[in-house]
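Take a look at the structure set out below.
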Amino acid sequence: MALASSEGWLFLLRWIHFLAGITWIGILYYFNFVQTPFFAETDAGVRSGAIQKLVPRALWWFRWGAMFTFLSGWLIILHRMGQGGFFAGSYGWAILTGGLLGTIMWANVWFVIWPKQQIVIQNAVDTAAGKPANPAAAPAGARAGLASRTNVVLSIPMLFFMGAASHLPLPVPRSGAAFWLLALVIMVLVELNALRGVPNTTSTKPLATVKGTLWAGFVLSAIFYLWFEVMRG
């Protein structure tokens, strides 16, 4: 039985990874490219109804898509590490770069976006019932929005390096310590902007628009790619 083999197990993990990843990233792009601009243009009543009824459903698929993508992805990486020679070629370097970016995105979903959106959703329910508005709802929504836009930025290099692992031979860095030091510093700085950045300031203003967010993602992809080339062994 083909699926009972070790290769069949790995195939099932990849299949789950693809299904969950498409669900997660698809909804991420829906939130940022469709829902957010719509909410900015529609009236308060429609927006409140959508937050109460539509957003919780979308967030359920969103966060569990992220979880299953995260778990299956790391199982695949650990399986490949266990086979030895993980960093002998460019596969290990590329897939781990993508995996680390994806891990930051997963953490944003579960520890920033989802908790903050719960505040926003409850506020919509309460105000619709005639209760006072929660003053924490607006800043919670802004932080969730910035984390979500940051995930769009990170998704672009994440998908690039996930694809490159098997389809684009990249240079193997001559120094793993130097490569990971700068790569991790870049990732941390981007994430700190999501967690601490103030809306409409220099560091967050590019993420205020879909166009700016996409450009930031392409620029970040180019930076990581050029770092591979600079570190060529």
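Structural remarks
- Entry comment: accessible area of region 36-81 is 57 Å² per residue, from protein heavy atoms only and a probe of 1.4 Å.
- Note on the chain: percent of Cα-Cα distances in each 5 Å bin, starting at 0 and stopping at the bin with the largest distance, equals 1, 6, 13, 17, 17, 15, 11, 8, 5, 4, 2, 1, 0.
- Projected over all directions and averaged, the alpha-carbon convex hull of region 51-189 occupies 9.4 nm².
- Bridging of K205 to lysines at a Cα separation below 21 Å is possible for K116, once same-chain residues fewer than 8 apart are set aside.
- Just checking the listed ones, Q52, Q122, Q83: in the Gaussian network model of the chain with Cα springs under 10 Å, the one fluctuating most is Q83.
- Computed over region 164-233, the ratio Rg/Rh where both radii use C-alpha atoms and Rh is Kirkwood: 1.06
- With distances taken between every two different alpha-carbon atoms, region 54-110 has a Kirkwood hydrodynamic radius of 12.4 Å.
- Of the DSSP H helices in the chain, those whose Cα atoms cover at least 20 Å axially and whose Kyte score averages 0.5 or more: 6-30, 44-82, 90-108, 137-167, 176-196, 210-230
- Considering helices alone, the calculated mean residue ellipticity of the chain at 222 nm is -26500 deg cm²/dmol, with DSSP H runs of length four and up weighted by -39500 (n - 2.57) and normalised per residue.
- Rounded percent of accessible protein surface that carbon and sulfur make up, region 1-156, 1.4 Å probe: 70 percent
- Per residue, the accessible area of region 186-233 comes to 61 Å², computed with a 1.4 Å probe over protein heavy atoms only.
- The trypsin sites (Lys or Arg not before Pro) of region 99-203 meeting both criteria, a DSSP state outside H, G, I, E and B (loop) and at most 16 other C-beta atoms within 10 angstrom of the site's C-beta, are R174.
- The length gained by stretching the chain between Y30 and Q52 to full extension, at 0.36 nm per residue less their Cα-Cα distance, is 6.2 nm.
- When you restrict to C-alpha pairs under 8 Å that are six or more residues apart and normalise by the size of region 113-198, the relative contact order lands at 30 percent.
- Cα-Cα separations in region 1-123 greater than 17 Å, expressed as whole percent: 64 percent
The values are calculated or read from the model by the stated rules, or taken from the named source; none is laboratory data. Remember, predicted model here, so these are calculated numbers, not experimental data. When we count neighbours, we look across all protein chains shown, and the Cβ atoms used for this are built from the backbone with ideal geometry, even at glycine. What goes into the accessible areas is simple: the full protein's heavy atoms, side chains included, and nothing from ligands, DNA or RNA. Shrake-Rupley method; radii C 1.70, N 1.55, O 1.52, S 1.80 Å.
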